[in-house]
Amino acid sequence: MGIMSGKKGIIFGVSNTHGIAYGIADQLYKEGAEIAFSYAGEAMEKRVRPIAEAMNAKLCLSCDVTKEDEVAAVFREVEKVYGKIDFVVHAVAFAPKEALMGRFIDTTKEAWDIAMGVSAYSLVTVAKYAEPIMNEGSSILALTYLGSILSVPSYNVMGVAKAALESSMRFLAVDLGPKGIRVNCLSSGPVKTLASMGISGFSKMLKAAVMRAPLKRNVSLEDVGKAGLYLASDLSSGTTGEVIYCDCGCHSAYASAEEMDALTKEV
């Protein structure tokens, strides 16, 4: 009997077996959770459906999270099949590739609106339609990144979107707290995923994180999956409105000794 035995929920944003959302889904499934999956578009269905089938999912539904009617339809179907649910994982983010290159000051209004709509406002929409079918003691979890509080090269408008996501999470935690629903964000360190490889200079980010992190390594999908399991399960029953970091301590260190020595030599 796993700690998620008898628990049911849905994950928005699993796209392949190398992503953070999959790492969380894998841990939840191993601990006994029943998971429904969503995908965005026909191309993504080919990637997501085999994962859903491997985890014995009863539902694998198409959903564009920027369209409120589609989100509402997903939760109606989830309620029909599962009744009340215990967790929702929001792992959806997007910005046009050109907005993740060059200077932030050149971000277009169109790119800004897309990044904010997909990556931040969608959490509000998902929470709105999840609320009526969530059990007391349930959890909503969204994925964020250090670029929400620090300027990270090439993260650009996505950092602003993640900041908006985290702020939204705090307001949602207050709204949903009286119903016993927890809302938190999980901030993972850099992990090699299809999405992250679209960020210019990502390989350098991985190396820099190793140098700075107190644990002197990058996080693994298993690390992040376990952190997600904590936040989705009853283990985090007293935690809400929080950003939980799983980045080998990278966010807590100004610089490593090696970096400081290098800077000193340069001066």
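Conditions: (1) of a type in the set (A, V, I, L, M); (2) within 25 Å of Met44 (Cβ to Cβ); (3) more than 15 Å from the chain's Cα centre (by Cα); (4) surrounded by 15 or more Cβ atoms within 10 Å (Cβ to Cβ). Leu172 meets all but one. Number of the miss?
(2)
On the given criteria, is Ala99 farther than 21 Å from Met169 by Cα and not in a helix (DSSP H, G or I)?
Details: farther than 21 Å from Met169 by Cα: yes; not in a helix (DSSP H, G or I): no.
Taking the combined requirement at face value, the residue does not satisfy it.
Taking the condition of being among the acidic types (Asp, Glu), modelled with pLDDT under 95 and assigned to a loop (DSSP other than H, G, I, E, B), how many residues in segment 38-90 meet it?
Adding up the residues that qualify gives 0.
Being farther than 16 Å from Ala130 by Cβ, among the hydrophobic types (A, V, I, L, M, F, W, C) and either touching a His at 6+ places or on another chain (Cβ under 8 Å) or free of Cβ contacts under 8 Å to residues at least 12 places away in the same chain (or both) is the filter here; which residues of segment 1-48 pass it?
Ala43
Could you list, in sequence order, all residues of segment 218-242 that are closer than 17 Å to Lys7 by Cβ and not small (Gly, Ala, Ser)?
Lys226, Leu229, Tyr230, Leu231, Asp234, Leu235, Thr239
Quick one: which of Ser154, Ser139 is surrounded by 15 or more Cβ atoms within 10 Å (Cβ to Cβ) and at positive phi?
The conditions single out Ser154.
Take segment 216-267 and flag every residue that is in a helix (DSSP H, G or I), surrounded by 14 or more Cβ atoms within 10 Å (Cβ to Cβ) and at pLDDT below 95.
Matches in segment 216-267: Leu221, Cys250, His251, Glu259.
Of all residues in segment 98-134, which are touching a Gly at 6+ places or on another chain (Cβ under 8 Å) and under 24 Å from Gly238 (Cβ atoms)?
Ile133 - this is the single residue of segment 98-134 that is touching a Gly at 6+ places or on another chain (Cβ under 8 Å) and under 24 Å from Gly238 (Cβ atoms).
Among the candidates Ile51, Ile20, Ile35, which residue alone is under 19 Å from the mean Cα position of the chain (by Cα), buried (at least 16 other Cβ atoms within 10 Å of the Cβ) and closer than 17 Å to Leu143 by Cα?
Working: Ile51 fails: closer than 17 Å to Leu143 by Cα; Ile35 fails: closer than 17 Å to Leu143 by Cα.
The match here is Ile20.
Just for segment 7-16: of the residues that are surrounded by fewer than 24 Cβ atoms within 10 Å (Cβ to Cβ) and within 15 Å of the chain's Cα centre (by Cα), which one is nearest to Ser138 (Cα to Cα)?
Among those that are surrounded by fewer than 24 Cβ atoms within 10 Å (Cβ to Cβ) and within 15 Å of the chain's Cα centre (by Cα), it is Ser15.
Any chance you could count how many residues in segment 185-206 are surrounded by fewer than 19 Cβ atoms within 10 Å (Cβ to Cβ) and at pLDDT 80 or above?
0
Might you let me know whether segment 103-124 holds any residue that is modelled with pLDDT of 95 or more, in contact with a Pro (Cβ under 7 Å, 6 or more places away or on another chain) and more than 24 Å from Gly180 (Cα to Cα)?
Within segment 103-124, one or more residues are modelled with pLDDT of 95 or more, in contact with a Pro (Cβ under 7 Å, 6 or more places away or on another chain) and more than 24 Å from Gly180 (Cα to Cα).
The values are calculated or read from the model by the stated rules, or taken from the named source; none is laboratory data. Please read all numbers here as calculations on a predicted model, not as lab measurements. Using ideal geometry, Cβ is built from the backbone for each residue, glycine included, and neighbour counts are taken over all protein chains shown.
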